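> Structure below; questions to follow.
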Amino acid sequence: MALGSAPLALYIHWPFCVSKCPYCDFNSHVRSQVDQTQWRDALLADLAHEARLTPSRHLSSIFFGGGTPSLMPPQTVATLIEAAERHWGFAPNIEITLEANPSSVEAARFADLASAGVNRVSLGLQALEDEALAFLGRAHDVREGLAALDTAQRVFDRVSFDLIYARPGQSLIDWQAELSRALAFGTSHLSLYQLTIEPGTRFAALAAKGALPQTDPDHAAELFELTRAMTAEAGLPAYEVSNHARPGEESRHNLTYWRYGDYLGVGPGAHGRRLGAASFRRKKPENFLAAVARNGHGIESEEALAPETQATEALLMGLRLEEGVDVTEISTRTGVAKLVDEATVARLSALGLVQSGDRLRVTPAGMLLLDRILAEIIP
């Protein structure tokens with residue numbers, strides 16, 4: 001694929017949150033007031049820097065993520081979208097996604113955000129039970145969340161929402177009922193994640209004290225298999241280990257990540273991969289602003305990636321997808337001849353955990369053991 005025609009994705013990170021989150025590391029970014037003009041100008045400068053490094057490319061997707069991007073002023077969103085189109089040009093049917101918390105305050109902005117150019121929203125419902133939402137530390141309840149979902153479905157062309165399962169004490173029957181309810185809302189995309197304990201979070205502290213029961217691996221596997229069966233029957237099969245969509249409604253932005261395409265990261269804490277290099281923006285908002293004022297961009301470091309690193313990353317990302325990876329294409333692209341341990345691939349294939357041939361893919365049974373499989377087959 002010619003470089004100019006390859007998908008190019010843009011991620012814009014808005015760092016500010018409106019409330020503390022129990023499982024992310026942006027709690028220090030809770031702000032009651034933000035100088036919107038200052039931040040708009042800083043993001044525009046950071047955007048322009050990336051554009052100078054990637055001429056003659058077209059954007060296939062834009063994703064506004066981070067803290068609470070749905071509380072960005074719609075005019076700021078519109079200005080950033082207009083600047084992106086001016087710098088790069090848009091591929092036909094560009095996907096422009098914005099992450100949103102399902103609160104009434106944010107839902108009130110949805111129409112203005114759609115007018116600004118956003119055509120897809122990813123809504124963080126996370127649970128359809130009030131007790132579970134309280135456990136997860138969410139500020140909204142089910143009633144408010146579903147009202148926001150209803151507004152999103154009326155306003156945006158495409159809507160996705162996420163749920164977290166394998167919560168402490170959640171039975172198969174519990175999850176079956178919750179997922180059935182979720183599927184009945186008729187969205188074209190669902191992100192369904194098993195609860196994980198990330199270091200440095202409130203959940204990790206509770207687990208260390210023995211105050212957070214761990215889900216039995218066999219039970220987690222049953223929940224995973226139930227999830228795949230129910231979404232497939234509903235017409236939203238898994239296309240990635242945790243993501244499910246009607247055919248054609250997959251997240252184009254995330255597919256660029258998983259297919260190891262180039263993506264640009266703009267804003268505090270944003271990471272990027274472009275032209276064989278990794279870029280890292282300064283994470284603390286004040287440091288980011290100072291860097292933009294000093295250098296015209298917020299980059300903290302850039303690193304040219306060795307071919308072996310690129311090949312490994314392409315495999316680690318691509319094998320999360322149901323479609324798997326074209327090993328020959330990755331080898332040609334990176335110049336790395338030996339990408340996988342063939343003997344291990346043959347052994348796992350005999351066990352029904354992977355399939356090889358024109359493409360290497362992890363089977364549904366293998367997805368239950370994805371991390372172990374990746375560790376074994378990548379030299």
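> Can you classify the range 247-318 as rounded, prolate or oblate using the Cα gyration tensor, where a ≥ b ≥ c are the square roots of its eigenvalues, rounded means a/c under 1.5, and otherwise it's prolate if a/b beats b/c and oblate if not?
oblate
> No solvent, one uniform scatterer per C-alpha: report log10 I(q)/I(0) for the range 35-167 via the Debye equation at q = 0.20 1/Å, two decimals.
Debye curve over Cα of the range 35-167, log10 I(q)/I(0) at q = 0.20 Å⁻¹: -1.11.
> Output the antiparallel fraction of DSSP beta bridges having both residues in the chain, as a percent to the nearest 5.
The antiparallel proportion sits near 35 percent.
> Provide Rg over Rh for the chain; use the alpha carbon set for both Rg and the Kirkwood Rh (inverse mean inverse pair distance).
Rounded to two decimals, Rg over Rh is 0.95.
> Next question. Using a cut-off of 12 Å between beta-carbons, work out the net charge of the residues near His219 (Lys and Arg +1, Asp and Glu -1, His219 not included).
On the way: positive: Arg167; negative: Asp174, Asp216, Asp218, Glu222, Glu225.
Charge balance near His219 sits at -4.
> Please work out the FRET efficiency for the pair Ala83 and Ala304, using the Cβ-Cβ distance as r and a Förster radius of 22 Å; give the result to the nearest 0.05.
It comes out at approximately 0.20.
> Largest first and in whole Å, what are the equivalent-ellipsoid semi-axes of the range 69-131 based on the Cα gyration tensor, each being the root of 5 times an eigenvalue? Walk me through the numbers before you get to the answer.
Values: eigenvalues 133, 34, 13 Å².
The three semi-axes for the range 69-131 are 26, 13, 8 Å.
> Size of the range 307-377 along its principal axes in angstrom, Cα-based, largest extent first?
If we take the Cα atoms of the range 307-377, the spans are 31, 20, 20 Å.
> If I take R0 = 45 Å and measure r between the Cβ atoms of Ala337 and Gln176 in this structure, what FRET efficiency does the formula 1/(1 + (r/R0)^6) give, to the nearest 0.05?
0.45
> Would you kindly calculate the translational diffusion coefficient of the range 150-309, applying Stokes-Einstein with the Kirkwood radius from alpha carbon pairs, for 37 °C and a viscosity of 0.692 mPa s, and quote it in µm² s⁻¹ without decimals?
174
> Related question: What net charge do the residues around Glu250 carry, taking every other residue with its C-beta under 12 Å from that of Glu250, with Lys and Arg at +1 and Asp and Glu at -1?
Combined, the nearby Lys, Arg, Asp and Glu give 0.
> For the range 147-299, what proportion of DSSP beta bridges, expressed in % and rounded to the nearest 5, is antiparallel?
On the way: 11 of 17 bridges.
In the range 147-299, approximately 65 percent of DSSP beta bridges are antiparallel ones.
> Okay, next question. Which order results if Lys283, Lys338 are arranged by neighbouring Cβ count within 10 Å, fewest first?
Lys338, Lys283
Just so you know, all these numbers are worked out from the coordinates, no wet-lab data involved. Keep in mind the model is a prediction, meaning the values are calculated, not measured. Quick reminder, even Gly has a Cβ in these numbers, built from the backbone with ideal geometry, and neighbours come from all protein chains shown.
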